[in-house]
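Single-structure report; data block below.
The values are calculated or read from the model by the stated rules, or taken from the named source; none is laboratory data. Given the structure is predicted, the values throughout are model-derived calculations rather than measurements. Methodologically, a virtual Cβ is constructed for each residue, glycine included, from the backbone with ideal geometry; neighbour enumeration extends over all protein chains shown. Side chains are part of the model used for accessible areas, which takes the heavy atoms of the whole protein and leaves out ligands, DNA and RNA. Shrake-Rupley method; radii C 1.70, N 1.55, O 1.52, S 1.80 Å.
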Amino acid sequence: MTVIATSSSLGLAAKLSRLLSRELLVADEKVFPDGEKYLRIPRKLEGDVILVHSLHQPQDERFLQLLLAVDAAKGAGASRLAVVVPYFAYARQDKRFLEGEPVSVGALLRAVEAAGADALVVVDIHKPSSLDEWLTIPHRNVLPIKELVGYFQGKLRDPIVLAPDKGAFHRAQLAAQSLGAECDYLEKSRDRVTGEVRIAPKSVNVDGKDVLFVDDIISTGGTLAAAAKEVLTLGARRVYAACTHALLVSSALDKLYAAGIEEVVATDTVPSPVSKVSVAKSVAEATREVLS
Ligand code: R5P
């Protein structure tokens, strides 16, 4: 078995290859003068192969590279190819919110399968049922809540875990179980045109408590900044944020610290200054399962 890394996930692929005691092979990548991408697996492959490639920015380019890498790995001789996409982009567009829109996650998942993937492992995809809905190949969604909570173990006084919206509540529940804390969720709405986030006032008892927010993605930071301001107004003592994918568009981190958040921690699905928790172990287990 070989682990193939592209430039989008070199660190995580290296950890994975060590955990699985497998050889790490790095794909050659270049861009032609007209902007087209080129990728090559530098030698013949045989047996099971794991390809690791995350879809953080520039996500469109990386998606194209993913399709090229899948085709290259199969063409180089991989008998079974497990594709690990630590951050699966476009997953928030999981339905036609407005008439005429695509179901982007479905379009991308189908393309990965059609390119030749024999199994797919993702980490904390926005809506896990998207995988069952759009794939026929074996798949796993790794939820790295224990890892994230582990970072905060022993650091919080009288903690409560909050999700910024109802959709993220399952993550907060798992985190609260791990911490032995209470949990709840806030009511978030987003203007679908301007993108502005509003957190509706809600009676949640955070008075004097340390609040840990748990979410899948921090993009602009608008959601967690608004949520932090709300709980600080309600009397929270300190506010922390844990997320899986730290996309951190422009000044997102500054926005979060300015809103009063003490510390932001994320996983290594997307490289960032706050990506301090590794998903490598859970991804290794999931990859073994899909190839068993
Ligand atoms: C949305 O449903 C997601 O779970 C995140 O809450 C959202 O993507 C965060 O985006 P931002 O940081 O831009 O508010």
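Ignoring ligands, DNA and RNA, what percent of the accessible area of region 2-142 is carbon or sulfur (1.4 Å)? Roughly 51 percent of what the probe reaches on region 2-142 is carbon or sulfur. Taking a sphere under 13 Å around the Cβ of A259 and counting the other residues whose Cβ falls inside, with K and R at +1 and D and E at -1, yields a net charge of -1. Among G208, V84, V270, whose Cα lies farthest out toward the positive end of the dipole of the chain, if unit charges sit on the beta carbon of Lys, Arg (+1) and Asp, Glu (-1)? Result: G208, furthest along the dipole toward the positive end. In whole angstrom, region 145-277 maps to an equivalent ellipsoid with semi-axes of 19, 18, 13, each derived as √(5λ) from the alpha carbon gyration tensor and ordered largest first. Rounded to the nearest 5, what is the percent of antiparallel bridges among the DSSP beta bridges in the chain? Around 15 percent of the beta bridges assigned by DSSP in the chain are antiparallel ones. Under the simplified labelling scheme, the D28-E285 pair shows an inter-label distance of 3.9 nm, with each label point 7 Å from Cα along Cα→Cβ. The heavy atoms of V103 present about 20 square angstrom of accessible area, all protein chains included, probe 1.4 Å. A helix-only calculation puts the chain at -9500 deg cm²/dmol for mean residue ellipticity at 222 nm, using -39500 (n - 2.57) for each DSSP H run of at least four residues, averaged over all residues.
Computed across region 1-156, the Kirkwood hydrodynamic radius from all distinct Cα-Cα pairs reaches 16.4 Å.
Taking 23 Å as the straight-line reach from the Cα of K166, the lysines in range (excluding those fewer than 8 positions away in the same chain) are K95, K127, K146, K188, K202, K209, K229, K255.
When both bridge partners sit in region 145-277, DSSP labels roughly 15% of those beta bridges antiparallel.
Between region 1-78 and region 151-195, the C-alpha centres lie 34 angstrom from each other. For C243, C183, the ranking by accessible surface with the largest value first comes to C183, C243, using a 1.4 Å probe.
Of all DSSP bridge pairs formed entirely within region 2-142, close to 15 percent run antiparallel.
Among the chymotrypsin sites (Phe, Trp or Tyr not before Pro) within region 6-96, not one is in coil by DSSP while having at most 13 neighbouring Cβ atoms inside 10 Å.
Using all pairs of distinct alpha-carbon atoms, the Kirkwood hydrodynamic radius of the chain works out to 19.8 angstrom. Once the 1.4 Å probe is applied to the protein heavy atoms, the chain comes out at 45 Å² accessible per residue. Taking Cβ atoms as reference points and 9 Å as the exclusive limit, the residues near K209 contribute a net charge of -1, counting Lys and Arg as +1 and Asp and Glu as -1. Taking a Cβ cut-off of under 13 Å around Y38, the surrounding Lys, Arg, Asp and Glu residues balance to a net charge of -3, with basic ones at +1 and acidic ones at -1.
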